[in-house]
């Protein structure tokens, strides 16, 4: 488990977590950050360490466009410059804290952790579905804080065969591992797709879609370096012609048309390393049915948070055991379902090498 990719966006917070009233502390890639909003509503990201005696600035307070240190009252503006030292007229040399590029999009606050001149909005995942009125969105709030290395979660999200074992009570069925996966690699993405044809619906599929007979189900996951993952899952009644291509966008309408026969939802995952052995997990769900249904929102919120808590428990136990036994990657064996995760690990390694 090596260092982190710096030249990338990372989810730092949900947009509603950052306010003009209380500074928010969050550590990303071992860097302590403090986030707040100025009077124009713009998010500011500063180093969470006063340049005087290193008290976390998150222990201070927001005063208009200024963040005031809670120890001796030094004041910092949005550029990180110290603009006031109580009791004296001049700010000493070095009176500054570091800042990072920040962007709000898709209801997330994103921070660029590397060279500011390379910050590029096009390197964000395409998650327009978060703002599309044709989809209902439920956010995982608050984000999970997980005691594991972030690449363990990358592996987890690209290996959906684990649904048959970890999630058998909600989103998995025993048939999942029996169907093969197809893995493809793009410029900075890894894509995995699996078709689960003519099989029994998982418990949550019965609950959300009312399915009792067999279904044709798809699992599609696309991971983007370093740690974004878009999962699309859905189903149609078995025999409706679901499998028309190698991408969910290719799904045929089938005999009698697709509309109203099945459903699809997105699981949008932003995995943010905090330290080598701790990770922030931001997730959201978008669905194309029951758009104005608060009860369904709550079903998704409770049901899927419970499912992801199972993942969190697995990953925490995995990391604990790796730490206990001085983990060496050479001790692992690889099986077929590891292909997408191994491809992403290779791409992350290439991104790290390009930054040296």
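Report every pair of residues separated by at least 6 positions or lying on different chains whose Cβ atoms are under 9 Å apart, first residue within segment 13-26 and in contact (Cβ under 8 Å) with a residue 60 or more places away in the chain, second assigned to a helix (DSSP H, G or I) and surrounded by fewer than 19 Cβ atoms within 10 Å (Cβ to Cβ).
Every condition considered, the pairs that remain are 26/17.
Looking only at residues that are at pLDDT 95 or above and over 20 Å from residue 222 (Cα atoms) in segment 251-275, which one is surrounded by the most Cβ atoms within 10 Å (Cβ to Cβ)?
274
Just need a number here: residues in segment 82-93 that are exposed (fewer than 15 other Cβ atoms within 10 Å of the Cβ) and in contact with a strand residue (DSSP E or B) (Cβ under 9 Å, 6 or more places away or on another chain).
The total comes to 3.
Can you find a residue in segment 2-11 that is part of a loop (DSSP other than H, G, I, E, B) and at pLDDT below 95?
yes
Checking residue 322 against (1) over 22 Å from residue 282 (Cβ atoms); (2) touching a helix residue (DSSP H, G or I) at 6+ places or on another chain (Cβ under 7 Å); (3) part of a helix (DSSP H, G or I), only one condition comes out false. Which one?
The failed condition is (2).
Among the residues of segment 201-210, is any touching a residue at least 40 places away in the same chain (Cβ under 8 Å) and under 20 Å from the mean Cα position of the chain (by Cα)?
no
When residue 74 is evaluated against the numbered criteria (1) in contact with a helix residue (DSSP H, G or I) (Cβ under 8 Å, 6 or more places away or on another chain); (2) crowded, with 19+ Cβ neighbours inside 10 Å; (3) free of Cβ contacts under 8 Å to residues at least 60 places away in the same chain, which criterion, by number, is the only one it fails?
(1) is the only condition that residue 74 fails.
Every residue, every condition in (1) in a helix (DSSP H, G or I); (2) surrounded by 12 or more Cβ atoms within 10 Å (Cβ to Cβ); (3) without any contact (Cβ under 8 Å) to a residue 12 or more places away in the chain; (4) in contact with a helix residue (DSSP H, G or I) (Cβ under 6 Å, 6 or more places away or on another chain), yes or no:
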{"position": "114", "(1), (2), (3), (4)": "no, yes, no, no"}
{"position": "117", "(1), (2), (3), (4)": "yes, no, yes, no"}
{"position": "125", "(1), (2), (3), (4)": "no, yes, no, no"}
{"position": "130", "(1), (2), (3), (4)": "yes, yes, no, no"}
{"position": "148", "(1), (2), (3), (4)": "no, yes, no, yes"}
{"position": "152", "(1), (2), (3), (4)": "yes, yes, no, yes"}
{"position": "155", "(1), (2), (3), (4)": "yes, yes, no, yes"}
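Which condition breaks for residue 212 when tested against (1) buried (at least 18 other Cβ atoms within 10 Å of the Cβ); (2) assigned to a loop (DSSP other than H, G, I, E, B)?
Only one criterion is unmet by residue 212, namely (1).
Does residue 178 fit the bill of being surrounded by fewer than 18 Cβ atoms within 10 Å (Cβ to Cβ), over 21 Å from the mean Cα position of the chain (by Cα) and at positive phi?
Criteria not met by residue 178.
Kindly establish whether residue 327 is part of a loop (DSSP other than H, G, I, E, B) and in contact (Cβ under 8 Å) with a residue 24 or more places away in the chain.
Here the answer is yes, as residue 327 does meet what is asked.
Quick test of your reading of the structure: residue 85 fulfils all but one of (1) outside the structural domain of residue 310 (by TED's automatic domain parsing); (2) touching a residue at least 60 places away in the same chain (Cβ under 8 Å). Name the failing condition by number.
(2)
Out of 162, 149, I need the residue that is under 19 Å from the mean Cα position of the chain (by Cα) and at pLDDT 95 or above. Which one?
That would be 149, the only listed residue that is under 19 Å from the mean Cα position of the chain (by Cα) and at pLDDT 95 or above.
When segment 165-201 is examined, which residues are found to be assigned to a loop (DSSP other than H, G, I, E, B) and at pLDDT below 80?
167, 168, 169, 170, 171, 172, 173, 174, 175, 179
A quick yes/no check of all residues on (1) touching a strand residue (DSSP E or B) at 6+ places or on another chain (Cβ under 8 Å); (2) within 30 Å of residue 229 (Cα to Cα); (3) in the same structural domain as residue 143 (by TED's automatic domain parsing):
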residue: 4; (1), (2), (3): yes, yes, no
residue: 23; (1), (2), (3): yes, yes, no
residue: 53; (1), (2), (3): no, no, no
residue: 67; (1), (2), (3): yes, no, no
residue: 80; (1), (2), (3): yes, no, no
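Looking at segment 219-243 only, could you name the residues that are assigned to a loop (DSSP other than H, G, I, E, B) and under 14 Å from the mean Cα position of the chain (by Cα)?
225, 226, 227 - these are the residues of segment 219-243 that are assigned to a loop (DSSP other than H, G, I, E, B) and under 14 Å from the mean Cα position of the chain (by Cα).
The values are calculated or read from the model by the stated rules, or taken from the named source; none is laboratory data. Fair warning: this is a prediction, and the values are worked out from it, not measured in the lab. Cβ sites come from the backbone with ideal geometry, for glycine too, and all protein chains shown count toward neighbours.
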